[in-house]
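First up is the structure itself, then whatever we jot down about it.
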Amino acid sequence: MDHSYAQLELGGFGTLRMTFLADPSTGAVRYRLTAPHVRGSVVLVPALFFADPSVPETPARGTDLYIFARLDNVPTGVGRHERPLTVHGIELAGRSVVNTQAVDAIKAYRMGRSGRTELLPSRSGNLARVVLGAAAEHWSQRDDRPVLDDLARRASAQHFLSEYENELDQREEAVRRAQVARDETQQRISVLRDLVNPAVPACA
């Protein structure tokens, strides 16, 4: 499979053309998408990128992938300076959680007036779901998906390793301070006990 360009037929929605670029440090892939009424980029990030490899059962079952439409919020460098994806002129926002066994359930969002993400209107939402679903399905069938997953897992391991090393340093410092405080308290107790129960001089 060519990992730089693909073309898919979307039935009544026309032809979807995709160019893509993988990030060799995280496994994220920038997909640049072009179809009738569709233009711009999204970034597909394996769910393993966010999962702690030291914790069993992560990521949650049914979560294989995240599609980032808001590119300035992408956790990797790839795609950050691309043109955001628009559908019928509406700029997508937020991120979509993807189960690659149920791509029809993908939800597409825009930024609402309240400053929070909201679902796209039905007509644009249907087109966005088809386009994002096609990109997700293409990603799930890539020949290099095991490599992408491994890159994401390694990047996640590096992140959590740094987090836990910092946490351990803080805990060890807390233990050291607690030990110093304990020793000081023990010393005061000894002084006070000596005052309360003075030693009786031995009889001559």
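So who's got an amide H within less than 5 Å of the one on V87, skipping anything under 5 residues away but keeping other chains? H placed 1.01 Å off N, in plane.
L92
Please report the antiparallel percentage of the DSSP beta bridges confined to the chain, to the nearest 5.
Around 95 percent of the beta bridges assigned by DSSP in the chain are antiparallel ones.
Report ³J(HN,Hα) in whole Hz for each residue of the range 128-141, in order, from the Karplus equation J = 6.51 cos²θ - 1.76 cosθ + 1.60 where θ = phi - 60°; Gly and Pro get x.
4, 4, 5, 5, 5, x, 5, 5, 5, 5, 4, 4, 5, 9
What does the range 96-140 give for Rg and for Dmax, in Å, if only its C-alpha atoms count?
Cα only, the range 96-140: 11.2, 34 Å (Rg, Dmax).
Determine the dipole magnitude for the chain: charges of +1 sit on the beta-carbon of Lys and Arg, -1 on that of Asp and Glu, nothing else is charged, the reference point is the Cα centre, and the result goes in debye to the nearest 20.
840 debye
What distance in nm separates the two pseudo spin-label positions at N166 and D144, each 7 Å out from Cα along the beta-carbon direction?
3.1 nm
Please state, as a whole number in µm²/s, the translational diffusion coefficient that the Stokes-Einstein equation yields for the range 117-204 at 4 °C and 1.567 mPa s, with Rh defined as the Kirkwood radius across alpha carbon pairs.
64 µm²/s
Towards the positive end of the charge dipole of the chain, with charges on Cβ (+1 Lys, Arg; -1 Asp, Glu), say which of N197, G12, A157 has the farthest Cα.
Looking along the dipole axis, the top candidate is G12.
Add +1 for every Lys or Arg and -1 for every Asp or Glu among the other residues with Cβ under 14 Å from the Cβ of Q170, and state the total.
-3
Any idea what angle helix 145-196 forms with the longest principal axis of the chain, computed on alpha-carbon atoms, 0 to 90 degrees, nearest 10?
Tilt relative to the chain: about 20 degrees.
Taking trypsin sites (Lys or Arg not before Pro) that fall in a DSSP loop and have at most 11 other Cβ atoms within 10 Å as cut points, what is the longest piece of the chain between them?
Longest site-free region, per DSSP loop and neighbour criteria: 117-204.
How large is the Kirkwood hydrodynamic radius of the range 5-79, in angstrom, based on all distinct alpha carbon pairs?
The answer is 13.7 Å.
On the first, second and third principal axes, largest extent first, how far apart are the outermost C-alpha atoms of the chain in Å?
Each principal axis gives a Cα extent; for the chain these are 113, 40, 30 Å.
Ranking H138, H81 by Cβ neighbours within 10 Å, fewest first, what do you get?
H81, H138
Which net charge results when you count Lys and Arg as +1 and Asp and Glu as -1 among the other residues whose beta-carbon is under 15 Å from that of L48?
Its environment carries a net charge of -2.
Throughout, read-outs are computed from the coordinates displayed, never taken from laboratory work. Nothing here was measured: the structure is a model prediction, and the numbers come from that model. When we count neighbours, we look across all protein chains shown, and the Cβ atoms used for this are built from the backbone with ideal geometry, even at glycine.
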